[in-house]
Amino acid sequence: SGGVSPRFIYAEVQPAVVKVGERQRVMAEVADADGIAEVRTFTELDHSTQTRFMQPIEGQQVGCTDCKWEMTWEVNDTTEREYITVITAKNSKGQSSSISLAWFDPCFPGLSGDWAPSSSCMVAGSGVDGVESGNLTLNSGVTMTIASSSTFAINQGQSILLRGGSIAIGSGASI
């Protein structure tokens, strides 16, 4: 990235699909001839913002000219949607540059049991998704959209409870 200083060589969030309570790792490799003074992340969540300082990985230190940085956090204050984490690196002269990474809190039920999405979301894909051994509850203001050609399944004997919420079904989609 001609002339940009510091320069991002690599950046990622792992996993990129994560739910509340799970841990997410943010990593970046940053280079600058004047040395990297700090690397931090900024994420706007549903009701808060998170600014966290990344640390050089083991064996590297602040002031390095080409090194890898990381931080890990427990995901909180998210609902089923896309989020952006901005990573900003600053060199020893105070110059900075940023890169943005997208990640998702998905609209997928857990492995089993009841599921009540906390915000409107879409089930998409060519496979089958659904609630295993539990009920689906859509509370007031929550719409679950089943995208075209997608299938949402629920076990026999379980229920879909509309408590002020709704379901939108795309062309060729099924329940």
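The values are calculated or read from the model by the stated rules, or taken from the named source; none is laboratory data. Bear in mind the structure is a predicted one, so any value in this text is a computation, not a measurement. We place every Cβ from the backbone using ideal geometry, glycine too, and count neighbours over all the protein chains shown. Surface accessibility is based on the protein's heavy atoms, side chains included, excluding ligands, DNA and RNA. Shrake-Rupley method; radii C 1.70, N 1.55, O 1.52, S 1.80 Å.
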Of the residues in segment 80-109 that are hydroxyl-bearing (Ser, Thr, Tyr) and touching a Ser or Thr at 6+ places or on another chain (Cβ under 9 Å), the one that is farthest from PHE53 (Cα to Cα) is TYR83
(1) assigned to a loop (DSSP other than H, G, I, E, B); (2) surrounded by 13 or more Cβ atoms within 10 Å (Cβ to Cβ) all hold for TRP73 apart from (1)
Any chance ARG52 is of a type in the set (Lys, Arg) and over 26 Å from SER171 (Cβ atoms) | yes
Scanning segment 16-45 residue by residue, those free of Cβ contacts under 8 Å to residues at least 40 places away in the same chain and under 24 Å from SER119 (Cβ atoms) turn out to be LEU45
Taking segment 53-67 and the residues there that are free of Cβ contacts under 8 Å to residues at least 24 places away in the same chain and assigned to a strand (DSSP E or B), the one that is least open to solvent (accessible area, probe 1.4 Å) would be PRO56
If we ask which residues in segment 13-26 are surrounded by fewer than 15 Cβ atoms within 10 Å (Cβ to Cβ) and either among the polar types (S, T, N, Q) or modelled with pLDDT of 95 or more (or both), their number turns out to be 2
Test GLY110 against the stated conditions and say whether it is modelled with pLDDT under 90 and either under 25 Å from the mean Cα position of the chain (by Cα) or on the phi > 0 side of the Ramachandran plot (or both). yes
Only one of GLU70, GLU132 is closer than 18 Å to GLU22 by Cα and either charged (D, E, K, R) or at pLDDT 90 or above (or both), namely GLU70
Restricting attention to segment 76-90, the residues that are closer than 14 Å to ALA11 by Cα and either touching a helix residue (DSSP H, G or I) at 6+ places or on another chain (Cβ under 6 Å) or exposed (fewer than 13 other Cβ atoms within 10 Å of the Cβ) (or both) number exactly 1
Notebook entry, point to check: If you check GLU29 against the conditions, is it over 15 Å from the mean Cα position of the chain (by Cα) and surrounded by 14 or more Cβ atoms within 10 Å (Cβ to Cβ)?
Noted result: yes
The strands (runs of 3 or more DSSP E) lying entirely within segment 117-175 that contain at least 1 residues which are loosely packed, with under 12 Cβ neighbours inside 10 Å and in contact with a Pro (Cβ under 6 Å, 6 or more places away or on another chain) are none
